[in-house]
Every structure is written in C-alpha cells, then in structure tokens.
Amino acid sequence: MATTQRVPIRLGKQRIAVADSQPVAVNIRLSTHGADGDTAPAIKNTSTARVCRVCTEKEARYTCPRCNAPYCSVACFKTHGQQCTEEFYRGHVQSEMQLQNAAKDDKQAQREMTQLLERVKQFQDESADDVLLADRLQQLALMDPDDLSLDCLTETERAQFLAAASDGRLSRFVMPWEPWWMIAPATYKRETQALRKANGRKLIIEEVSTEETTQNDDGGDDEAVGASPVVIETKRYPTQVFTASDECAMPTDFSTIVRGKPSPLLQFNLIELLFAYALVLRTFNGDWEHDAIDATLAFMRLCAVLADDAKYTSVEHVAHACLGKHVEATLSVTDIKANSATNRVVLRDASLLLSDKTFILDALSDVLAMFAHSDRELKDQNQKEAKRTRRKIDAATKKTAFYRMWVFHRSDGDLAELCALDLIASGDC
C-alpha cells in the first residue's frame, strides 16, 4: 500500500502550493487472479479509465448504442446482453429490407412509366396509321370493282392481305355459307319458284327496318353504323337455276338425241360431276361469280369426266376416286389428310344433290352458267393459253348440257340407288 505524502499548507495571504506539481499516478488492481488462477496485470490508468463491463479485465473502448454498456470486443458485445444483440441485428435486417423494398419500388415505378410511354407512343402510331389506312381505303373504294385486284395493292399490303386470308382473320367479314342443297326439297322448290318463272333473272328484295330508318333520319347512329365492319353476305340459292325457259328448250324425247339406249355408266359419271360442283362451291364460299375463271379451272381439274372423258363403273369406283381429289395442284402431307376429311363431307353433298331431281338440274344449270361467264372473260384475252382454255370449256359445256338433258328425262326413282354414296362417305363401305 503506497504511503500518503504530507503536504504543508500555509494559511493567510500566502499562495497555497503543493510540493509536487505532477499528478499522482494511481495503480488500480481490479482483479488479482485471472481466469486460470494467474495473477492478472494491473491496469495503470488515470482516474478517467473505463473497464469492460463483461470481462472486467480489459479497457472498454466501445459503448453499446442501446444500453450504453462499455465493452472491449465483439465477443463481449455478443454476450453483454441478448436483448441488445437481437435488437442490433434486427435493426440491420430491417434497414436492409427497407433499402431493398425502396429499390424494388423505384424499379416498379420506372417500369410502369416506361410502359405508359410505350402505350402513348403506340396510340400515336396507331392513330397515324388509321388516318393513312382510311385514305388508302378511300382510294381503293373509288376504283371500279371489276378492276380491283391484288395487283392494285403494294407489296406490303398484298403480303398483309394474304397473311390475313391464310390465318382466318378475314373470315369475320364473310358470312359462313350454307349449301343450298341442305334446304328441304319442298321448301327449296317453293322459295325458288319465282326465280324460275323469271328465267333466272335475279330478284332483288330489300327489307328496311322501320327502327333503323328512324335512327338514320335522326342522324344519331350514323357514326355507329359506319364503325361496324361490313359483312359480305353469301348466296342462299344457285347463281343460275333450271328455269321455265330451260324446260321449254328440252327435247320431248331423249331418243332424238341419242340413238339406242343410253349407257348405264352415265349415272356413275354424274356423281363425279356433282362432287366437283359441290367442292368448288364450298371452296369459293358459294359464289363463283367473283372469280369465275379460277372456279372453272378448279372444276375442270376435279371432273375427269369432262376434262379427260373418264368413265366409272360403279358407285364405289367413283366415290373412291373422289376421295383422292383436291382443288389445288400441289398439297403438303398435312393438307392431303385434311383434304380427305373434306372430301367425305363433299361426298355427302353429292348424295344430297342426287336425292332430288330439281337439285341435280339446278346444279348442272349453275355449272353451265359458270362456263359461260368464264368464256366471256377469256374472250377478251388474246393469249394462246386463253384460247386453249376456251376450247376446253366449250367441250365441257356440251357434255354438261348433255347430262342435264339426260337427267331431265329420268325419273327420281331411277337415281335412288346412287344414294349409297352417303354410306361410302360415312366410311361404312
């Protein structure tokens, strides 16, 4: 134990002085024994020295920000108080999460702003395109419909049109066609009676709704009507039917046309002719007038009876030949499989046409009208190919007229056995 030095002090007017002006060093021994029983070194410090509250051995260089406890190292900080440690790490985790959420919010806001700008730009581009499209459509609308073709379009417009046609986008502008032979024979004859008396001239009947007329007079729905897409209606009946004048032109006796008994193979050949007609009408959505030449050429490819003077010996023979036919000159393997399914449907169409004599006469009359229309169009062309095609059409016209006369002099019961064609189309034979 260190001895205390005596310091003399004089009272009065004299200045109080201390013998030794240097501060006295204090030796503090906090613990005489360490953890292993060894004598721990004493901490020599001034009176302001701090000691670690945890280990009570080393100088405390740090202070806990929560409880202000002095500590000397990380190990002591971790053990000085569990609550403070957990709060410390929890605070760091929450801060990090807040920073990450803020970063995510910034990215989300930036993404939304980018999307908004893109939508605005797209809207502006579409508005400009709509104006250009309206002007372009107006130019095409002013053209003569007979002169309007794919050649009137630019390469880009032609590619867009063909793409829209191939993927079915244009189908919403065309009403699906229902074959006229699907109508009950009695109903069909009643509905086409006026057309037959008019010798095939088109009867235009326009029905105007009173409510629609009132709205148009008020001018309130003009914009709505103009905005709706134009739907192209399809034909309910053939372009040309067997008229009263056609009946008067028929010979009274078929024997005046053919010497001897007609060949029994005519009925089987008739099946292919009706099959070709039904498939062409389905391909052209019931209306061949807009492209009569292509429709005629397709018909000639399908009907070997007219083009190559083919002959069939039975219903099965002609039916299986029809199943392998197709409109296009070349088809892929996938198209051929789909084409086979379509041909079975068309075989049923041919069977329905054979079920009534009026159906057959109207179909053959429509074929003759298609041939005549194509011949008139090809007459204006001077190419050798056009002249060759006209000669083929002329020969096919004579054969078709012969089959129509032959059917006219047949009774409905004579063609009843041909209805077995429907069984073959269903796959039962």
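Every number in this text was worked out from the coordinates using simple rules, so none of it is lab data. Keep in mind the model is a prediction, meaning the values are calculated, not measured. Methodologically, a virtual Cβ is constructed for each residue, glycine included, from the backbone with ideal geometry; neighbour enumeration extends over all protein chains shown.
Can you bin the range 251-400 into rounded, prolate or oblate? Criterion: square roots of the alpha carbon gyration tensor eigenvalues sorted a ≥ b ≥ c, rounded for a/c under 1.5, prolate for a/b above b/c, oblate for the rest.
Values: a/c = 1.61, a/b = 1.03, b/c = 1.56.
Verdict is oblate for the range 251-400.
If R₀ is 41 angstrom, what is the calculated FRET efficiency for the pair Ser263 and Leu153, using the beta carbon separation as r and rounding to 0.05? Numbers along the way, then the final one.
Details: r = 50 Å, r/R0 = 1.22.
In this case the efficiency is close to 0.25.
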| Structure shown: which of Lys78/Lys104; Lys379/Lys399; Lys311/Lys357 lie over 24 Å apart, alpha-carbon to alpha-carbon? | Lys78/Lys104
